[in-house]
Amino acid sequence: MATPPQAFPGYSRTITPQMDSLSSKPDQSAMSPAPPTISSGAPRFPPPISQQDQIPSPSIKLPTMLSPANGVKTGSSVPHMSTPPGPPVFASPVRPAAVPFRTSPATPQPVAFSSASSLPTSSPPYFSNGSVELQQQLPSAIEEPVPDGKSPCVLFSAHKVLKHKKQANVPSLGFGVLVSPGRDTSPGPQVIQRDPHRCHDCGAYSNLYSNILIGSGQWQCVICGNLNGSEGEYIALSKEELRNFPELSSPLVDFIQTGNKRPSFVPVTDSRTSAPVVLVIDECLDEQHLQYLQSSLHAFVDLLPLTTRIGIILYGRAVSVYDFSEESIASAEVIPGGASPTQEALKALIYGTGIYLSPMHASKEVAHLIFSSLRPYKLNVPEASRDRCLGTAVEVALAIIQGPSADFSRGVVKRPGVNSRIIVCAGGPNTYGPGSVPHSDTHPNYPHKEKTAIKWMEHLGRESHQQNTVVDILCAGTCPVRVPVLQPLAKASGGAFVLHDDFGEAFGMNLQRASARAAGSHGLLEIRCSDDILVNQVVGPGEEAHIENHETFKNDLSLCIRMLSVEETQCFSISMENRHDIKSDFVFFQFAIQYSNVYQADITRVITIRLPTVDSVPEYLQSVEDEVAAVLIAKRTLLGAKSHSDAIDMRTTLDERVKDIALKFGSQVPKSKLRRFPKEISLLPEFLFHLRRGPLLGNIVGHEDERSALRNLFLNASFDLSLRMVAPRCLMHREGGTFEELPAYDLVMQSDTAVVLDHGTDVFIWLGAELAADEGRSAAALAACRTLAEELTELRFPAPRILAFKEGSSQARYFVSRLIPAHKDPPYEQEARFPQLRTLTTEQRTKLKSSFIHFDDPSFCEWIRSLKVVPPEPI
């Protein structure tokens with residue numbers, strides 16, 4: 001007799017203010033490795049939604065609570081990467097409904113460096129020998145066991161490593177790590193103001209797992225086993241003395257070299273408050289879009305630090321560079337946009353009498369005057385056919401930032417000490433001048449012109465990066481912007497590319513966050529592993545570094561990646577595999593990030609992690625982190641989704657992956673040919689189901705521009721944002737201002753409740769019809785939901801749009817389409833996910849069924865059974 005199919009167990013969590021949200025299941029995740037490759041992606045954004053039926057949204061205030069910031073940029077010709085973020089923190093109490101909300105994006109305040117240790121010292125770790133041979137050779141070495149290192153900047157897909165190569169190198173699950181080089185940590189890392197000790201053979205850094213000879217001060221490298229001297233620094237009378245060295249007591253340390261190389265000197269001026277910000281603004285906008293843009297620009301300059309130097313450039317068929325020396329009128333120099341500006345034209349501009357970069361304290365009123373003087377496009381020409389010389393405008397902006405320091409006669413550019421930033425506000429494609437494409441993609445020569453434009457934009461982006469200038473491109477409106485052409489400019493410069501519905505609230509917030517986010521420069525990521533481990537793929541915002549660009553040692557086999565910039569909002573996804581069967585009890589991983597921070601100090605961040613090895617497959621699966629594994633698999637999958645047809649193929653790939661995991665790691669169902677999915681990683685297939693039907697691979701977003709931008713954003717995004725883009729987080733409002741976390745199934749749509757759905761780039765607030773009919777309760781619930789949405793996203797970049805609507809409205813379909821349909825599942829399966837259903841009366845169940853918007857999509861259980869896989873047993 002056939003065993004009835006088992007449902008996935010339900011889960012729920014109650015969340016109150018000032019309580020960290022927890023992941024639904026610890027120690028679960030898996031990732032899929034692939035052959036070594038290097039690649040990069042391009043972001044995509046959600047489709048515009050009409051304002052009809054949308055609940056009017058008071059402007060949103062960003063609370064000042066600290067949210068998980070995980071992001072790093074990486075530089076390598078390797079595939080894209082992702083950053084591990086922590087769970088959101090609910091820090092502020094729910095506000096009463098009467099409190100209005102305003103847009104005031106939170107700007108993180110940097111903290112000056114301190115040489116004092118920020119890590120607790122009450123329980124110092126021990127030191128251990130990396131190999132049995134060393135223990136026998138060096139009797140004076142410290143041999144006590146060391147706890148396995150952990151760091152918020154590094155998230156592995158599993159906390160253990162399988163010893164047997166055949167079992168470990170199953171591509172469908174795989175093994176890997178998410179590295180966030182620029183992520184802030186709390187408490188902060190140990191700060192060391194001296195040069196690190198490095199292995200003379202492989203270049204690895206001394207760390208808490210290094211075996212130390214306290215008599216001679218020699219230490220053994222955990223990567224290659226070489227014995228190194230410490231110039232007598234590690235000579236000690238006891239192991240307690242060695243614990244005073246931060247690198248020997250903490251898995252994460254920062255070595256700092258200040259500008260003038262004096263150990264006691266640490267500059268505290270944040271370069272973000274003085275580096276130039278040049279706004280490059282599309283002047284071919286219709287009146288409605290221009291009004292929104294003007295409001296966002298006025299708010300932007302009001303929030304800029306008074307020491308920030310600002311420049312304003314408009315582009316259409318020509319480039320207008322505004323002069324801040326005129327205090328009562330908006331005055332600009334005009335440069336033709338049909339070709340790159342000549343050296344003579346740039347010299348005349350830069351050496352002339354105009355002031356094109358001016359500190360805010362002297363130019364705020366002039367900036368407001370310039371924005372107020374902008375006028376809508378007057379000609380009767382379709383949006384997509386208007387001439388826009390975006391490429392020429394960015395070239396002029398670069399020249400202004402360089403100023404007289406550039407030697408135009410020889411083309412030599414002096415590099416500034418800090419990152420400057422160009423922010424492009426675009427409402428359409430680049431259709432005029434260098435890097436342009438024809439107005440219509442039906443042009444007979446469009447493919448060739450597009451290919452030429454992409455190469456030119458990428459070259460301009462590299463030139464910007466060489467000049468320490470980041471180019472962010474913020475697009476808005478309904479006109480296609482030709483993402484494949486503009487994306488390379490932002491990516492090659494280390495900047496971001498973001499699409500918006502309009503130039504309103506979300507655009508204004510991202511404008512402010514783009515200018516305020518910390519950006520380190522000259523970044524280099526070095527990855528070193530035990531000989532047993534091979535890095536076979538890296539995904540993230542970087543390029544493979546040439547050997548002459550980094551310090552070399554005799555046998556340095558590290559993988560080096562040049563990071564285009566170092567920011568909290570980015571990270572690397574690194575896939576690994578076993579070279580051969582592992583005989584040792586531990587494997588070691590070391591990540592070294594070298595960069596210059598916003599304080600102009602040279603930082604070397606060293607993170608060393610040790611993982612135990614195991615023979616048991618169930619023991620390994622129990623150590624898998626479902627969420628990390630899902631993000632790693634998603635990034636590798638999205639790497640192959642270059643177009644809509646590719647995305648369809650990737651859905652099939654995900655199906656095959658789930659079947660293979662069940663085949664290799666699952667159990668046989670008695671008296672059946674079916675395989676049961678392993679219960680240790682029961683959440684993984686649900687994450688992958690969300691991925692295949694969500695905006696990244698599904699049909700939720702309509703235009704290819706949006707899909708392209710969203711996917712490229714995902715490939716470089718931090719872990720927390722990546723996870724939310726894969727699988728939405730569903731929170732139901734309860735009486736008393738608390739929220740209960742529930743699975744993102746359509747069973748949450750109960751007419752007497754309010755629900756918040758966080759899908760990364762979008763946050764939806766859904767009010768049930770019964771609740772909406774009660775004005776007092778609905779207003780309180782809506783205010784609480786908005787407060788929660790703000791806290792979840794206050795430091796997120798790009799800032800998501802936050803939409804609120806009622807049950808039965810036209811916009812409800814956007815909310816429902818992101819939930820897994822479960823209304824067709826048998827009652828026992830529904831109750832397995834939602835035990836609350838057992839308490840509902842017949843009348844309440846009838847109301848619940850009537851609230852469903854029916855789609856033809858299969859439910860999760862229908863999908864997994866169609867793969868001939870049985871869901872895992874309830875845990």
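The values are calculated or read from the model by the stated rules, or taken from the named source; none is laboratory data. Worth saying up front: this structure is predicted, and the values here are computed from it rather than measured. So basically every Cβ, Gly included, is an ideal-geometry build from the backbone, and we count neighbours across all protein chains shown. Keep in mind that these areas ignore ligands, DNA and RNA; they rest on the heavy atoms of the full protein, side chains included. Shrake-Rupley method; radii C 1.70, N 1.55, O 1.52, S 1.80 Å.
Some points to look at:
- Put simply, when 609-615, 534-540 are sorted by average Cβ atoms within 10 angstrom per residue, most first, you get 534-540, 609-615.
- For the range 431-436, Karplus couplings with θ = phi - 60° (6.51, -1.76, 1.60), whole Hz, Gly/Pro x: 10, 8, x, x, x, 8
- Residue pairs, from the table LYS491/LYS642; LYS347/LYS449; LYS160/LYS583; LYS671/LYS868, whose Cα atoms sit over 24 Å apart: LYS347/LYS449
- Backbone amide hydrogens, once placed in the peptide plane, bring ALA204 within less than 5 Å of CYS199, excluding anything fewer than 5 places away on its chain.
- The range 772-826, Cα convex hull volume normalised per residue, Å³: 130 Å³
- Cα gyration tensor shape for the range 732-785, rounded if a/c is under 1.5, else prolate or oblate: prolate
- Partners of LYS455 within straight-line reach, counting aspartates and glutamates whose Cα lies under 14 Å from its Cα and excluding those fewer than 8 residues away in the same chain: GLU463.
- Test item: Cα-centred dipole of the range 656-746, Lys/Arg +1 and Asp/Glu -1 on Cβ, debye: 700 debye
- Cα coordinate range in the range 533-661, projected on the principal axes (Å, largest first): 49, 44, 26
- Accessible surface ranking for ARG636, ARG194, ARG317, 1.4 angstrom probe, highest first: ARG317, ARG194, ARG636.
- Ranked packing of 230-238, 422-430, most packed first, by mean Cβ within 10 Å: 422-430, 230-238
- Anchor LYS378: aspartates and glutamates whose Cα lies under 20 Å away (excluding residues fewer than 8 positions away in-chain): ASP282, GLU283, ASP286, GLU287, ASP387, ASP502
- Under a 5 Å amide H cut-off, with hydrogens placed 1.01 Å from N, VAL624 pairs with SER29, HIS159 among residues at least 5 apart or on other chains.
- Note, ³J(HN,Hα) from phi for the range 715-722, Karplus 6.51, -1.76, 1.60, rounded to Hz, x at Gly and Pro: 5, 10, 6, 5, 4, 5, 5, 4
- A Cβ-based charge dipole, computed about the Cα centre of the range 438-580 with Lys and Arg at +1 and Asp and Glu at -1, lands at about 340 debye.
- Long-range amide H partners of TYR745 with built H, under 5 Å: ILE820
- 3J(HN,Hα) from dihedral phi, the range 231-247, Karplus parametrisation 6.51/-1.76/1.60, rounded to Hz, x for glycine, proline: 6, x, 5, 8, 5, 8, 7, 8, 5, 4, 5, 5, 5, 6, 8, x, 5
- When peptides 299-309, 506-516, 206-216 are sorted by average Cβ neighbour count within 10 Å, with the highest value leading, the order is 506-516, 206-216, 299-309.
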